């Protein structure tokens, strides 16, 4: 089952018609304005979904070009809604593809983003490919930003790992996930997703529960500068932990 099928039910955080998503869009714009980012540049939004992050960044930096990459073709087509909401005028290109093959999909850009806690879909071997690919398509002073949360701390200390968990509740359905296995070679947990009531299966998906320090460490191999911005430091409730990588290395 594809991720497009899953996100048909778990999509409120990026749906242009959702009020919470619109608040997140405004928060993202203001957050990006606080950073020292290139203006009038070329933005690359990875695992872009509906393009909420790329559109917000384009508005904040007055970008001239926005490229969105995702496997979900239908979601990519909705970026125009975010651009209209934000009053953003920018040249847009949508690419239906796998970000693990990034150098084959896009050319040079100035800023790349991987937001919305998307790293959970990639195991450590994938992460190496992603960081390498992003570094290869960024300009010499390019910036790569990842938004994520520390799931190791969350599951080991704060809440624990749940065999059964209700992921989202709506008026006419709930989406729940169930633990269905662990791949020790990839470090991934397998979870099945079901619609309630009725327990109709949506699909089975593999996740790697990242901590933030490991992502910084992998990024340090491919970028000269790297840092983390905590929510308590940036102060925007609709934005999580943000990892910032600058100055991609030309070669290892």
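Data table
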item	result
Selected residue (criterion: modelled with the lowest pLDDT) from residues of the range 69-82 that are outside any loop (DSSP other than H, G, I, E, B), buried (at least 20 other Cβ atoms within 10 Å of the Cβ) and touching a helix residue (DSSP H, G or I) at 6+ places or on another chain (Cβ under 8 Å)	75
Qualifying residue in the range 88-98 (condition: assigned to a helix (DSSP H, G or I), under 23 Å from residue 120 (Cα atoms) and in contact with a helix residue (DSSP H, G or I) (Cβ under 8 Å, 6 or more places away or on another chain))	no
One residue from 157, 153, 161, 173 being surrounded by fewer than 16 Cβ atoms within 10 Å (Cβ to Cβ), modelled with pLDDT under 95 and in contact with a helix residue (DSSP H, G or I) (Cβ under 7 Å, 6 or more places away or on another chain)	161
Subset of the range 100-136 (residues that are in contact with a strand residue (DSSP E or B) (Cβ under 6 Å, 6 or more places away or on another chain) and farther than 17 Å from residue 64 by Cα)	105, 114, 115, 117, 119, 120, 123, 134, 135
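The values are calculated or read from the model by the stated rules, or taken from the named source; none is laboratory data. Not measured: the values here are computed from a predicted model. Neighbour counts run over all protein chains shown; Cβ positions are idealised from the backbone, glycine included.
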